[in-house]
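One structure is given here, and the rest of the page talks about it.
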Amino acid sequence: MSNPITKDRRHFEDLTVGEVIKLGERHLSKDDIISFAKQFDPLPFHLDEDVAKKSLLGGLASSGWQTAGFSLRMLVDEFLNKVAGMGGLGFDNLKWKRPLMKNDTLTGTVTIASLRRSHSHPRMGIVVFDFDMRNQNNQEVMTLSLTNLVEVRDPSAPFEEDAA
Amino acid sequence: MTLWFEDIDSETVWPLGEYTFTEDEIIHFAKQYDPQYFHVDPEAAKHSHFGGLIASGWHTVSVGHKVMVDFMYAHDDMQRANGEEPGVSGPSPGVNKMEFKAPVRSGDTIRFDLKVKNKRKSNSLPGWGLLTSIISAYNEQDELVYRSEIASFSKLRDYKPKLKERVLLAMAAMPVFRKLLRK
């Protein structure tokens with residue numbers, strides 16, 4: 001029962017540890033910040049430029065969750081929509097290092113940090129992605145390690161550690 | 001949290017509230033932030049191992065954050081109505097761990113709660129404490145949808161700055177010095 005959506009995409013077997021995915025760029029406007037904040041993070045320093053200037057952030061900055069969302073979107077465009085993805089298990093060590101301010105441009109790289117087959121679900125491969133997100137001045141904005149599932153093309157293949 | 005650092009305990013579980021997800025909202029969020037086929041296309045999603053459309057985990061987490069912020073505002077109002085001054089919460093430096101445990105589908109009502117796991121005074125920000133909070137989300141079958149461990153700052157009520165810091169703060173408040181500091 002092959003999945004017609006993903007059958008021609010890269011599968012778990014096609015990935016290698018150390019593969020670096022260069023992300024695109026996302027410019028952040030005042031409207032972007034305020035529209036996300038209204039829906040998900042309605043704190044005064046994400047909604048009102050005057051309040052933001054006097055806050056710890058020093059100006060209008062995006063919600064950390066919006067920065068995370070833009071980063072994920074860029075990985076979907078460059079990578080996750082080109083592989084047989086099966087969703088995510090979660091993430092570890094998300095660090096917001098510097099706020100993403102109005103008119104900043106977000107970019108970065110993602111590196112495949114580890115690959116292993118799931119023993120309980122032989123169809124599933126577990127992939128850890130390390131994010132290194134930067135602004136236009138190459139300053140660190142956010143890091144995190146995302147754990148996602150990618151489909152194994154041949155679930156009957158022996159596990160590498162078993163084969164060795 | 002809307003409590004002062006000193007008043008926060010690690011026993012209380014705070015029921016933050018709940019939210020019902022619709023198909024339109026799931027697709028709208030995913031088109032912007034997570035356009036994988038099982039988040040944006042109900043027909044294509046039937047071919048996935050989920051068997052249908054599910055919300056992006058990042059959507060569920062963002063909604064959980066909104067529910068928490070709304071809870072904080074309501075709690076502030078309640079404290080003011082009782083003649084108390086609400087505490088002050090600060091920015092979050094990060095998330096130690098986020099585990100997505102069960103998918104969210106259109107029509108699901110998810111409830112969120114928060115428990116402070118531990119607290120300590122901040123080394124980097126004088127006058128502030130650092131909290132580690134567990135935020136959990138459950139569906140109507142009481143299955144765990146996600147569990148997260150989030151760090152955040154909370155202001156100390158009883159903080160007395162050291163003499164040197166008090167002098168600096170007082171100087172910073174004087175117009176002459178403020179002009180100098182700006183330069």
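The values are calculated or read from the model by the stated rules, or taken from the named source; none is laboratory data. Given the structure is predicted, the values throughout are model-derived calculations rather than measurements. Glycine gets a Cβ as well: all are built from the backbone with ideal geometry, and neighbour counts include every protein chain shown.
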Inset, instruction - Could you check, for the range A:94-106, whether at least one of its residues is outside any helix (DSSP H, G or I), at pLDDT 95 or above, within 21 Å of B:Tyr37 (Cβ to Cβ) and in contact with a strand residue (DSSP E or B) (Cβ under 8 Å, 6 or more places away or on another chain)? - result: no
Legend entry - Selection status of B:Val88, surrounded by fewer than 21 Cβ atoms within 10 Å (Cβ to Cβ), modelled with pLDDT under 95 and among the β-branched types (Val, Ile, Thr): yes
Inset, instruction - Can you tell me which residue within the range B:89-115, out of those that are among the β-branched types (Val, Ile, Thr) and assigned to a strand (DSSP E or B), is farthest from the other protein chains (Cβ to nearest Cβ)? - result: B:Thr109
Inset, instruction - Write out, first by first residue and then by second, each pair whose Cβ atoms fall under 8 Å of each other, whose residues are 6+ apart or on separate chains, and whose first residue, in the range B:68-97, is free of Cβ contacts under 8 Å to residues at least 40 places away in the same chain while the second is surrounded by 14 or more Cβ atoms within 10 Å (Cβ to Cβ). - result: B:Val69/A:Asp41; B:Val69/A:Pro42; B:Val69/A:Leu43; B:Arg80/B:Pro86; B:Glu85/B:Gln79
Inset, instruction - Kindly check whether there is at least one residue in the range B:66-83 that is modelled with pLDDT under 95 and assigned to a loop (DSSP other than H, G, I, E, B). - result: yes
Inset, instruction - Give the residue that is farthest from B:Lys121 (Cα to Cα), with candidates limited to residues of the range B:54-85 that are surrounded by fewer than 18 Cβ atoms within 10 Å (Cβ to Cβ) and among the small types (Gly, Ala, Ser). - result: B:Ala81
Legend entry - the range B:1-45 - residue that is in a helix (DSSP H, G or I) and modelled with pLDDT under 95 and, of those, nearest to the chain's Cα centre (by Cα): B:Phe5
Inset, instruction - Take the range A:24-55 and flag every residue that is more than 14 Å from every other protein chain (Cβ to nearest Cβ) and buried (at least 16 other Cβ atoms within 10 Å of the Cβ). - result: A:Ile34
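For residues that are in a helix (DSSP H, G or I) and in contact with a strand residue (DSSP E or B) (Cβ under 9 Å, 6 or more places away or on another chain), scanning just the range A:56-69, find the one that is farthest from the other protein chains (Cβ to nearest Cβ).
So the first thing to find is which residues in the range A:56-69 are in a helix (DSSP H, G or I), and the list is A:64-69.
Narrowing further to those that are in contact with a strand residue (DSSP E or B) (Cβ under 9 Å, 6 or more places away or on another chain): A:64, A:67-68.
Numbers: A:Gly64: 6, A:Thr67: 11, A:Ala68: 7 Å.
The selected residue is A:Thr67.
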